[in-house]
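The values are calculated or read from the model by the stated rules, or taken from the named source; none is laboratory data. All values reported here derive from a predicted model rather than from experimental measurement. Every residue, glycine as well, gets a Cβ built from its backbone with ideal geometry; the counts of neighbours run over all protein chains shown.
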Amino acid sequence: MRRLLEAREMFYHAIKKYAPMQILDAVVPRSEIARFISRVKELEPKYGIPVVIYGHAGDGNVHLHPICKDMPLNTWKRKLTGLMQDIYALGSEHGGAVSGEHGIGIDKKEFFNSTASSTLLDTMKKIKKALDPNGILNPGKIFD
């Protein structure tokens, strides 16, 4: 088990040395992991961007790394946002969310706000307002 975990930890570093990449994570119900991954793989030809995928089958956390291969970096960056939107939309369609492990923060804010239900967003804003009426705790991380 230790060797398997060590190998998984090395994926990120190996991919990073291979090509420029983006770091994404999504969470889907365990029963949806295979379907979600299959649908993400169907996006690769649309964008011309390969996506390396691994994760934690036990909790549904899926790590996705779109890599820049066989295209100029500026073209890859231009296409990447659309791919990310599609990936996160698929996660939502499969009963998941934008992040299961690494949080939302600034980088995933637009994707979270476009995939989360209005009820969830309203509830989160009310909790934020109740606990942080002056907006001084992590300003701008999820809500503007």
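Within the set Lys69, Lys79, the sole residue that is part of a loop (DSSP other than H, G, I, E, B) and within 22 Å of Lys16 (Cβ to Cβ) turns out to be Lys69.
When you check Val52 against the structure, is it of a type in the set (A, V, I, L, M), assigned to a strand (DSSP E or B) and not assigned by TED's automatic domain parsing to the domain that holds Lys108, yes or no? So Val52 fits the description; yes. Considering only residues that are among the acidic types (Asp, Glu) and either more than 11 Å from the chain's Cα centre (by Cα) or closer than 17 Å to Lys46 by Cβ (or both), which ones fall in segment 78-117? Hits for segment 78-117 are Asp86, Glu93, Glu110. Can you confirm whether Thr75 is closer than 19 Å to Val40 by Cβ, of a type in the set (Val, Ile, Thr) and over 11 Å from the mean Cα position of the chain (by Cα)? It is false that Thr75 is closer than 19 Å to Val40 by Cβ, of a type in the set (Val, Ile, Thr) and over 11 Å from the mean Cα position of the chain (by Cα). Does Ile106 meet the test of being loosely packed, with under 15 Cβ neighbours inside 10 Å, hydrophobic (A, V, I, L, M, F, W, C) and assigned to a loop (DSSP other than H, G, I, E, B)? Spelling it out, Ile106 is indeed loosely packed, with under 15 Cβ neighbours inside 10 Å, hydrophobic (A, V, I, L, M, F, W, C) and assigned to a loop (DSSP other than H, G, I, E, B). Answer yes if at least one residue in segment 6-19 is without any contact (Cβ under 8 Å) to a residue 60 or more places away in the chain, surrounded by 19 or more Cβ atoms within 10 Å (Cβ to Cβ) and either part of a helix (DSSP H, G or I) or not acidic (Asp, Glu) (or both), and no otherwise. For segment 6-19, residues without any contact (Cβ under 8 Å) to a residue 60 or more places away in the chain, surrounded by 19 or more Cβ atoms within 10 Å (Cβ to Cβ) and either part of a helix (DSSP H, G or I) or not acidic (Asp, Glu) (or both): absent. Listed by first and then second residue, the pairs linking a residue in segment 113-138 that is free of Cβ contacts under 8 Å to residues at least 24 places away in the same chain to a residue that is assigned to a loop (DSSP other than H, G, I, E, B) and loosely packed, with under 12 Cβ neighbours inside 10 Å, with Cβ atoms under 9 Å apart and 6 or more places separating them unless they lie on different chains, are Lys128/Leu137; Leu131/Leu137; Asp132/Pro139.
Is it the case that Val27 is among the hydrophobic types (A, V, I, L, M, F, W, C) and surrounded by fewer than 20 Cβ atoms within 10 Å (Cβ to Cβ)? In short, no.
Across segment 115-144, the number of residues qualifying as part of a helix (DSSP H, G or I), over 19 Å from Ile23 (Cβ atoms) and polar (S, T, N, Q) comes to 3. Considering only residues in segment 31-76 that are at pLDDT 95 or above and charged (D, E, K, R), the one that is farthest from His94 (Cα to Cα) turns out to be Lys46. Report whether or not Ser99 is surrounded by 17 or more Cβ atoms within 10 Å (Cβ to Cβ) and assigned to a loop (DSSP other than H, G, I, E, B). When the stated conditions are applied, Ser99 passes them.
Taking segment 84-110 as the range and being more than 20 Å from Val52 (Cα to Cα) and among the hydrophobic types (A, V, I, L, M, F, W, C) as the test, the residues that pass are Ile104, Ile106.
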